[in-house]
Amino acid sequence: MSHAYHRLHFHLVFSTKNRQRSITPELKPKLYAYLVGIVKNLDGTATAIGGVDDHVHLLFHTPPKYALSDVIGKIKSNSSKWVHEEFPTSAHFGWQIGYGLFSVSESNVAAVKAYIDNQEEHRRRLTFQDEFVALLEKHGITYDPKYLWD
């Protein structure tokens, strides 16, 4: 075979620093558009983006020519820098160091997209911490609770 074929979907979840509720209604649509643009600049496509005031879910695919840690680093660092430049009153804005990244099969993309689109509803039932732990457990990821949030 002379070509490489791929379509790798990922569900990325990350929180604001100290889970501060700093994604305001004014910031949210502009931030989401900026995050989608970062993925596009990395030759990827954002299929869904959602969240609430303290975290973001991003369903995307990107070519394997980029290391995922580099993609995530660019998403988080570039968007944080952009917020500071565009919203000077948001000097406190930042992302937590860690993140969750989950692979998504093509057959499950629609379900994950629906999950991301329903983030406002999830917030009524679960805190971010409870939601994140549930995602880790659903994907069989072991974790130490004492290191989970800082």
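The values are calculated or read from the model by the stated rules, or taken from the named source; none is laboratory data. It should be emphasised that the depicted structure is a prediction, and the values quoted were computed from it without experimental measurement. No Cβ is skipped: glycine too gets one built from the backbone with ideal geometry, and neighbour counts run over all protein chains shown.
Take the residues in the stretch 126-145 that are touching a helix residue (DSSP H, G or I) at 6+ places or on another chain (Cβ under 9 Å) and not in a loop (DSSP other than H, G, I, E, B); name whichever of them is nearest to Ile23 (Cα to Cα).
Phe128
Can we say Ser90 is among the polar types (S, T, N, Q), within 19 Å of Leu35 (Cα to Cα) and under 13 Å from the mean Cα position of the chain (by Cα)?
No; evaluated as a whole, the condition is false for this residue.
So is Lys76 surrounded by 12 or more Cβ atoms within 10 Å (Cβ to Cβ) and either among the aromatic types (Phe, Trp, Tyr) or without any contact (Cβ under 8 Å) to a residue 60 or more places away in the chain (or both) or not?
Here the answer is no, as Lys76 does not meet what is asked.
So Ile38 clears everything in (1) touching a Gly at 6+ places or on another chain (Cβ under 8 Å); (2) closer than 20 Å to Ser69 by Cβ except one condition, right? Which one?
All conditions are met except number (1).
So, of the residues in the stretch 106-130 that are modelled with pLDDT of 90 or more and buried (at least 17 other Cβ atoms within 10 Å of the Cβ), which turns out to be farthest from Thr45 (Cα to Cα)?
Checked the stretch 106-130; the qualifying residue farthest from Thr45 (Cα to Cα) is Tyr115.
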